[in-house]
Amino acid sequence: MKHALIIGSGISGMVCAVRCAQLGVHVTMVSPFPSERSQSVMAAGGINAVLSGEEAGDSVACHIEDTLKGGCELGGKNAVKGLCEHGGEILHWLESIGTVFSVDEKGRPLRRAFGGQSHKRTYYCGASTGKQIVSALVMEVRRFEAAGLIERRLWCCFHSALIRDGICYGAMLFDEAHGGLEAVCADALVIATGGQNALFGKTTGSTQCDGYAAGKLFMQGAELKNLEFIQYHPTTMETPQKRMLISEAVRGEGGRLFQRRDGQNVYFMEDKYGPGGNLMTRDIVSREIDALGGMVYLDISFLDRTVIDERLPEVRDICAKYGGIDVSREPIPVMPSVHFFMGGLAVGLKHETNIHNLFAVGECASMYHGANRIGGNSLLAAIYSGNVAADEIAGRSGCRFHPDFEGDLEREKKLLARNMDTQSQFPVMYIRDMLAETMQKRLGIVRSGENLEQGLADIDYYLSIAERIRYDSSVMPYFNYSLTAILTLARATITCALSRRESRGAHYRSDFPQTEEAYQSATIIAYDGGGYNVRFDREQSYES
Ligand SMILES: Cc1cc2nc3c(=O)[nH]c(=O)nc-3n(C[C@H](O)[C@H](O)[C@H](O)COP(=O)(O)OP(=O)(O)OC[C@H]3O[C@@H](n4cnc5c(N)ncnc54)[C@H](O)[C@@H]3O)c2cc1C
């Protein structure tokens with residue numbers, strides 16, 4: 001029986017596991033925490049799809065057009081077509097496995113408007129769509145687990161891929177529970193580790209998503225793509241631990257942004273862009289708020305109380321709990337914050353990387369969203385990409401032989417043990433905090449060459465310290481062995497931002513404010529043991 005090793009158990013990892021199992025591929029699914037704690041559970045606003053018999057005017061073609069336009073023409077055209085064409089089927093499948101969508105009095109699923117969309121096509125479960133989908137998927141995974149087709153491994157982290165001559169044969173895993181490294185061979189390795197939030201410290205997402213797998217694979221030869229396109233969500237609320245997302249659903253239900261100026265409420269988005277101004281794409285809204293000083297208000301106090309209670313209960317509760325705000329009476333203070341990563345591992349249409357049998361799905365893969373993701377498309381992409389990769393894996397013949405990785409394993413074990421013996425006074429988390437400060441400062445909503453150059457210098461300094469740290473016993477081994485790869489990924493991200501000498505979507509350069517035809521290409525970056533090599537892939541060969 002063929003065997004797939006899946007790293008990550010959020011929505012994309014689970015979907016890939018379930019589909020593999022349905023197609024008779026045995027799966028081992030690995031993550032440090034249960035699926036119920038993955039970032040996917042945070043998804044609030046909804047998932048995009050066009051169902052047949054839709055509201056007059058909407059169509060799959062409109063969904064494709066909105067996605068490509070929202071992504072400033074950098075999303076893979078054929079890939080986006082496949083994504084949007086499967087939206088309806090995916091929605092029906094989610095319902096069939098027990099996802100409870102919000103419905104009207106006749107039992108028809110409800111839709112809401114999301115930014116950058118020409119029609120209402122975001123289906124939702126109140127404001128907890130991610131939770132509902134994760135719950136349904138966990139039940140599916142358990143069904144196949146009971147049948148012996150899926151094995152779930154918790155407290156277990158990715159260490160590195162087993163690669164020989166451009167072919168991937170599985171991965172080394174670090175088991176936190178037993179404190180040991182092991183090599184697990186497989187016919188396919190699927191990376192489903194989400195975005196790179198921890199690089200930026202406080203974001204709307206989970207610190208579990210630290211980009212380590214992408215960084216390590218980059219160091220092992222996998223190419224990365226479009227790293228400079230980092231989505232700032234325009235409406236988040238500051239709390240001591242993180243930036244709480246105030247979902248776009250709020251504006252989808254009619255919420256209005258304003259700034260207080262000379263005692264007046266100035267509805268700056270409506271003034272500049274007309275009645276639909278509040279629902280411009282996220283890159284545009286974030287930039288407008290940033291230009292106004294970075295903090296504005298979002299108002300839904302005029303909405304009917306039942307709309308708030310029935311459609312936005314989580315938002316109401318978050319504001320009350322973290323900000324002491326009663327949204328039915330007062331506006332919410334909001335600011336833009338890092339939210340989503342359009343860039344990641346470069347993959348082809350079947351979600352395979354440039355390394356044979358190494359796949360990437362969900363937010364860690366770069367494919368559909370180009371320079372700016374439109375809301376509601378990420379859940380769809382997580383599910384669609386999981387299915388696409390699984391179909392490809394199931395349709396291939398398995399590996400006939402696996403090279404011997406015993407030597408590699410012993411070497412890595414010795415390295416880890418030797419480092420553990422050598423204590424260091426320098427705390428790993430301190431470097432992570434400094435990195436987050438650098439990333440927030442240098443890769444903000446508005447960037448410049450000078451600022452980015454300084455970011456590179458900062459990261460080179462952190463890399464030089466990281467080389468000297470032997471072992472910090474105050475944190476788990478994972479935080480020790482992951483540090484260099486995370487810093488390398490951060491360096492690659494700034495290198496891409498520096499190379500793109502134009503402004504497009506979420507990448508805005510004050511020194512190059514125009515969108516340039518010459519840059520209508522994906523940014524691909526490769527690593528050769530020290531050099532970071534960027535090329536602009538005009539043909540977008542990874543996407544066509
Ligand atoms: C607050 C918030 C709200 C959102 N709302 C929406 C929405 O309404 N609609 C929408 O379309 N999108 C939304 N998104 C985006 C969407 O939720 C994510 O893009 C999507 O859920 C990502 O799923 P994933 O499976 O790729 O990754 P994740 O759900 O992040 O899962 C990653 C998995 O990888 C594991 N992992 C990480 N590192 C390692 C490692 N080194 N070794 C082993 N395992 C590892 C994690 O533990 C986890 O299990 C939202 C995002 C946030 C943060």
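Do you know which residues across segment 176-200 are more than 15 Å from the chain's Cα centre (by Cα) and not acidic (Asp, Glu)?
So in segment 176-200, the residues more than 15 Å from the chain's Cα centre (by Cα) come out as 176-190.
Within segment 176-200, Ala177, His178, Gly179, Gly180, Leu181, Ala183, Val184, Cys185, Ala186, Ala188, Leu189, Val190 qualify.
Consider Ala161 against the criteria (1) within 16 Å of the ligand (Cβ to nearest atom); (2) open to solvent by less than 10 Å² (accessible area, probe 1.4 Å); (3) under 22 Å from Gly376 (Cα atoms): it satisfies all of them except one. Which criterion is unmet?
It is condition (3) that Ala161 fails.
Which residue, of Leu74, Leu23, Leu68, is more than 6 Å from the ligand (Cβ to nearest atom) and surrounded by 23 or more Cβ atoms within 10 Å (Cβ to Cβ)?
The conditions single out Leu74.
Got a number for residues in segment 177-214 being open to solvent by less than 30 Å² (accessible area, probe 1.4 Å), near the ligand (Cβ under 10 Å from one of its atoms) and under 22 Å from Thr28 (Cα atoms)?
Matching residues across segment 177-214 total 10.
Quick test for you: out of Leu463, Leu452, pick the one residue that is hydrophobic (A, V, I, L, M, F, W, C), part of a helix (DSSP H, G or I), over 22 Å from Gly75 (Cα atoms) and open to solvent by 10 Å² or more (accessible area, probe 1.4 Å).
Numbers: Leu452 fails: open to solvent by 10 Å² or more (accessible area, probe 1.4 Å).
The match here is Leu463.
Quick check on my filter: what residues within segment 215-241 are at positive phi and open to solvent by less than 10 Å² (accessible area, probe 1.4 Å)? Reasoning before the result, please.
Applying the first criterion (at positive phi) to segment 215-241 yields 221, 226.
Hit for segment 215-241 is Asn226, nothing else.
For segment 316-330, does any single residue satisfy the condition of being touching a Phe, Trp or Tyr at 6+ places or on another chain (Cβ under 7 Å), open to solvent by 10 Å² or more (accessible area, probe 1.4 Å) and at negative phi? Give the steps one after another, and end with the answer.
Here is the first cut: in segment 316-330, the ones touching a Phe, Trp or Tyr at 6+ places or on another chain (Cβ under 7 Å) are none.
Checked segment 316-330: no residue is touching a Phe, Trp or Tyr at 6+ places or on another chain (Cβ under 7 Å), open to solvent by 10 Å² or more (accessible area, probe 1.4 Å) and at negative phi.
Condition check ((1) of a type outside the set (D, E, K, R); (2) at pLDDT 95 or above; (3) not in a strand (DSSP E or B)) across all residues:
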| position | (1), (2), (3) |
| --- | --- |
| Cys16 | yes, yes, yes |
| Ala21 | yes, yes, yes |
| Met29 | yes, yes, no |
| Val41 | yes, yes, yes |
| Gly45 | yes, no, yes |
| Glu54 | no, no, yes |
| Gly57 | yes, no, yes |
| Glu65 | no, yes, yes |
| Leu74 | yes, no, yes |
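Step by step: first the residues of segment 479-489, then only those that are closer than 10 Å to Tyr212 by Cα and open to solvent by less than 40 Å² (accessible area, probe 1.4 Å), then the one that is farthest from the chain's Cα centre (by Cα). Which residue is that?
Among those residues, the one meeting the criterion is Tyr481.
Taking segment 395-406, which residues are open to solvent by 20 Å² or more (accessible area, probe 1.4 Å), part of a loop (DSSP other than H, G, I, E, B) and not acidic (Asp, Glu)? Can you show your working first?
First, the residues of segment 395-406 that are open to solvent by 20 Å² or more (accessible area, probe 1.4 Å): 395-404, 406.
Imposing the further condition that a residue be part of a loop (DSSP other than H, G, I, E, B) reduces the set to 396-404.
Of everything in segment 395-406, those that are open to solvent by 20 Å² or more (accessible area, probe 1.4 Å), part of a loop (DSSP other than H, G, I, E, B) and not acidic (Asp, Glu) turn out to be Arg396, Ser397, Gly398, Cys399, Arg400, Phe401, His402, Pro403.
What number of residues within segment 496-542 are part of a loop (DSSP other than H, G, I, E, B) and hydrophobic (A, V, I, L, M, F, W, C)?
Count: 1.
Name the single residue, out of those in segment 164-176 being touching a residue at least 60 places away in the same chain (Cβ under 8 Å) and outside any strand (DSSP E or B), that is surrounded by the fewest Cβ atoms within 10 Å (Cβ to Cβ).
This residue is Gly166.
So, of the residues in segment 117-147 that are assigned to a helix (DSSP H, G or I) and of a type in the set (Gly, Ala, Ser), which turns out to be surrounded by the fewest Cβ atoms within 10 Å (Cβ to Cβ)? Talk me through it step by step, then tell me what you get.
Keep residues of segment 117-147 that are assigned to a helix (DSSP H, G or I), which gives 129-146.
Within this subset, residues satisfying the condition of being of a type in the set (Gly, Ala, Ser) are 130, 135-136, 146.
Numbers: Gly130: 24, Ser135: 18, Ala136: 19, Ala146: 9.
Ranking the candidates gives Ala146 first.
Could we say that Ala526 is among the small types (Gly, Ala, Ser), without any contact (Cβ under 8 Å) to a residue 24 or more places away in the chain and either surrounded by fewer than 20 Cβ atoms within 10 Å (Cβ to Cβ) or at positive phi (or both) here? Give the derivation first.
Numbers: among the small types (Gly, Ala, Ser): yes; without any contact (Cβ under 8 Å) to a residue 24 or more places away in the chain: no; either surrounded by fewer than 20 Cβ atoms within 10 Å (Cβ to Cβ) or at positive phi (or both): yes.
Judged against the criteria, Ala526 is not a match.
Within segment 441-457, can one find any residue that is modelled with pLDDT under 95, closer than 18 Å to Gly201 by Cβ, β-branched (Val, Ile, Thr) and under 25 Å from the mean Cα position of the chain (by Cα)? Break it down stepwise before answering.
Within segment 441-457, the subset modelled with pLDDT under 95 is none.
No, there is no match, as no residue in segment 441-457 is modelled with pLDDT under 95, closer than 18 Å to Gly201 by Cβ, β-branched (Val, Ile, Thr) and under 25 Å from the mean Cα position of the chain (by Cα).
Does Glu392 satisfy the criteria of being surrounded by fewer than 16 Cβ atoms within 10 Å (Cβ to Cβ) and assigned to a helix (DSSP H, G or I)?
The answer is no for Glu392.
If you take the residues in segment 245-257 that are in contact with a helix residue (DSSP H, G or I) (Cβ under 7 Å, 6 or more places away or on another chain) and surrounded by fewer than 23 Cβ atoms within 10 Å (Cβ to Cβ), which one is modelled with the highest pLDDT?
Filtering segment 245-257 for residues that are in contact with a helix residue (DSSP H, G or I) (Cβ under 7 Å, 6 or more places away or on another chain) and surrounded by fewer than 23 Cβ atoms within 10 Å (Cβ to Cβ), the one modelled with the highest pLDDT comes out as Arg256.
Please give the helices (runs of 4 or more DSSP H) falling wholly within segment 260-324 in which 2 or more residues are in contact (Cβ under 8 Å) with a residue 24 or more places away in the chain.
Values: elements: 268-273, 282-291, 305-311, 313-323.
Those helices (runs of 4 or more DSSP H) span 282-291, 305-311, 313-323.
For the structure I just gave you, tell me whether Gly386 is near the ligand (Cβ under 10 Å from one of its atoms), at pLDDT 95 or above, of a type outside the set (D, E, K, R) and over 13 Å from the mean Cα position of the chain (by Cα).
Numbers: near the ligand (Cβ under 10 Å from one of its atoms): yes; at pLDDT 95 or above: yes; of a type outside the set (D, E, K, R): yes; over 13 Å from the mean Cα position of the chain (by Cα): yes.
Yes, satisfied.
So is Leu51 in contact with a helix residue (DSSP H, G or I) (Cβ under 7 Å, 6 or more places away or on another chain), open to solvent by 10 Å² or more (accessible area, probe 1.4 Å), away from the ligand (no atom under 14 Å from the Cβ) and closer than 27 Å to Asn197 by Cα or not?
In short, no.
So Glu36 fits all but one of (1) crowded, with 17+ Cβ neighbours inside 10 Å; (2) charged (D, E, K, R); (3) within 12 Å of the ligand (Cβ to nearest atom); what number is the exception?
Tallying (1) crowded, with 17+ Cβ neighbours inside 10 Å; (2) charged (D, E, K, R); (3) within 12 Å of the ligand (Cβ to nearest atom), Glu36 fails exactly one: (1).
Which members of segment 96-116 meet the condition of being over 17 Å from Ser35 (Cβ atoms), of a type outside the set (Lys, Arg) and assigned to a loop (DSSP other than H, G, I, E, B)? Spell out the reasoning first.
So in segment 96-116, the residues over 17 Å from Ser35 (Cβ atoms) come out as 96, 100-116.
Remaining after also requiring of a type outside the set (Lys, Arg): 96, 100-105, 107, 109-110, 113-116.
Val100, Phe101, Ser102, Asp104, Glu105, Gly107, Leu110, Ala113, Phe114, Gly115, Gly116, listed by residue number.
Take Arg287 and decide whether it is away from the ligand (no atom under 16 Å from the Cβ), open to solvent by 10 Å² or more (accessible area, probe 1.4 Å) and not acidic (Asp, Glu).
On the way: away from the ligand (no atom under 16 Å from the Cβ): yes; open to solvent by 10 Å² or more (accessible area, probe 1.4 Å): yes; not acidic (Asp, Glu): yes.
Answer is yes for this residue.
Can you tell me which residue in segment 334-369 is nearest to the ligand (Cβ to nearest atom), limited to those that are open to solvent by 20 Å² or more (accessible area, probe 1.4 Å) and closer than 24 Å to Thr207 by Cβ?
Per the stated criteria, the residue is Glu363.
Tell me whether segment 88-95 contains one or more residues that are in a loop (DSSP other than H, G, I, E, B) and more than 13 Å from the ligand (Cβ to nearest atom).
Taking segment 88-95 as the starting set, the residues that turn out to be in a loop (DSSP other than H, G, I, E, B) are none.
Scanning segment 88-95 turns up no residue that is in a loop (DSSP other than H, G, I, E, B) and more than 13 Å from the ligand (Cβ to nearest atom).
The values are calculated or read from the model by the stated rules, or taken from the named source; none is laboratory data. Being a predicted model, the structure only gives us computed values, none of them experimental. Note: ideal-geometry Cβ built from the backbone for every residue, glycine included; neighbour counts use all protein chains shown. Calculation scope for accessible area: heavy atoms of the full protein, side chains included, ligands and nucleic acids excluded. Shrake-Rupley method; radii C 1.70, N 1.55, O 1.52, S 1.80 Å.
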